[in-house]
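Reviewing the structure listed below.
Just so you know, all these numbers are worked out from the coordinates, no wet-lab data involved. This structure is a prediction, so every number in the text was calculated from the model and none was measured. Here the Cβ is made from the backbone with ideal geometry for all residues, glycine too, and neighbour counts use every protein chain on show.
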Amino acid sequence: MLKIGPLAFQNEVILAPMAGITDSPFRKIVKEFGPGLLCGEMVSAMALHYNSKPTRGLLKFDPVERPLSLQIFGSDPEIMAEAARTIAATDIDIIDINMGCPVPKVVKNGEGAALLNNLPLAEAIIKEVVASVKIPVTVKCRLGWDHHHIVAPELARIAEKCGAAAVAVHARTRDQFYQGKADWEQIRAVKQQVSIPVIGNGDINTPQTALKLLEETGCDGVMIGQGCLGRPWIFRQAVAYLQQGKLEPEPSFADKMAVIFRHLDLQVQHSGEERGIKEMRKHFGWYLKGLPGAARIREKINQVASLDTVKEVLEQFFLANKSAGEIKE
């Protein structure tokens, strides 16, 4: 059983934090498939400091999503601690510190993966955040800036020394972004350096790879990110495989269709009709990937802003594929 600080989870399968993706509607969809822990989008500590309304909105969650972790990013230890206190006041379960985001607009400010090049600052941030709250604090990092500068084991030791309750390691460097193969051997190296839980992340796209990661690295949990896009049911499949050795089949077409429509409704309830439909467009791309005519139907959906029209277009698309024998129950 995975434990982080005083918290014990039903299983060791975790939804990774993903900017622009792991909002409350998506977390609710994933929750239906039984992961042990959900993680929200990363939140700018500086934006919270300046009381940004959109950023404040990222802190909202439904109790049904718990246990839930919210992630903060920044480069000023005191402002990061202030953000942690703000988030802890929402009754969240875990605060995670981002030390892995590779995007240029984050890195250029010395935040995210840039901290891999400044371990003294990383240490100061972890110390301040841990001291500022009573709930568990975790750290999510990449292996290093590039393959010539692997620092994850050292950063994990620093995190443990500073009181972090766990570390999550995305087994790629900043230079890799999301390309290339994840280096699981480095997750094993991190696990050998610390006694706190280590969560492995990278290239988990099937139940079998989830088990393989645990067996090859000895890590304590698996974090699924890109592998769940358009396939939130992978969490149920992974849990069943890890706990029972049972390989569950893919959901039926009808069940997948129900997930898509439920996600659409939740997104519109959360963001309003126009914005919610826009936010769903990327998800439609992932859900429909591989189906005949998917590109054409995505283009059509991108031209409409009415919830009823989007549903009508999707229903016609599904029925057309089904009648053509492309989709089977």
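For region 243-259, give me the residue count where each residue is more than 23 Å from E312 (Cβ to Cβ) and exposed (fewer than 15 other Cβ atoms within 10 Å of the Cβ).
Total meeting the criteria: 7.
So which residues in region 92-128 are among the polar types (S, T, N, Q) and either surrounded by fewer than 18 Cβ atoms within 10 Å (Cβ to Cβ) or part of a loop (DSSP other than H, G, I, E, B) (or both)?
Those that are among the polar types (S, T, N, Q) and either surrounded by fewer than 18 Cβ atoms within 10 Å (Cβ to Cβ) or part of a loop (DSSP other than H, G, I, E, B) (or both): N109, N117, N118.
Answer yes or no: is there a residue in region 187-207 that is under 18 Å from N11 (Cβ atoms), small (G, A, S), buried (at least 23 other Cβ atoms within 10 Å of the Cβ) and touching a residue at least 40 places away in the same chain (Cβ under 8 Å).
The answer is no; no qualifying residue exists.
Of the numbered conditions (1) touching a residue at least 12 places away in the same chain (Cβ under 8 Å); (2) assigned to a loop (DSSP other than H, G, I, E, B), K256 satisfies every one except a single condition; which is it?
(2)
If I filter region 226-249 for residues that are touching a Cys at 6+ places or on another chain (Cβ under 7 Å), touching a residue at least 24 places away in the same chain (Cβ under 8 Å) and of a type in the set (A, V, I, L, M), do I get at least one hit?
Yes.
Do you know which of the residues in region 31-47 that are surrounded by fewer than 23 Cβ atoms within 10 Å (Cβ to Cβ) and touching a residue at least 12 places away in the same chain (Cβ under 8 Å) is nearest to the chain's Cα centre (by Cα)?
In this case the residue turns out to be E41.
Show me the helices (runs of 4 or more DSSP H) entirely contained within region 130-238 in which 1 or more residues are out of contact with any His (no Cβ under 6 Å at 6 or more places or on another chain), farther than 30 Å from L288 by Cβ and of a type in the set (K, R).
Helices (runs of 4 or more DSSP H) meeting the threshold: 152-161, 184-191.
How many residues are within 22 Å of E12 (Cα to Cα) and either among the hydrophobic types (A, V, I, L, M, F, W, C) or part of a loop (DSSP other than H, G, I, E, B) (or both) when one looks only at region 33-60?
Residues meeting the conditions: 8.
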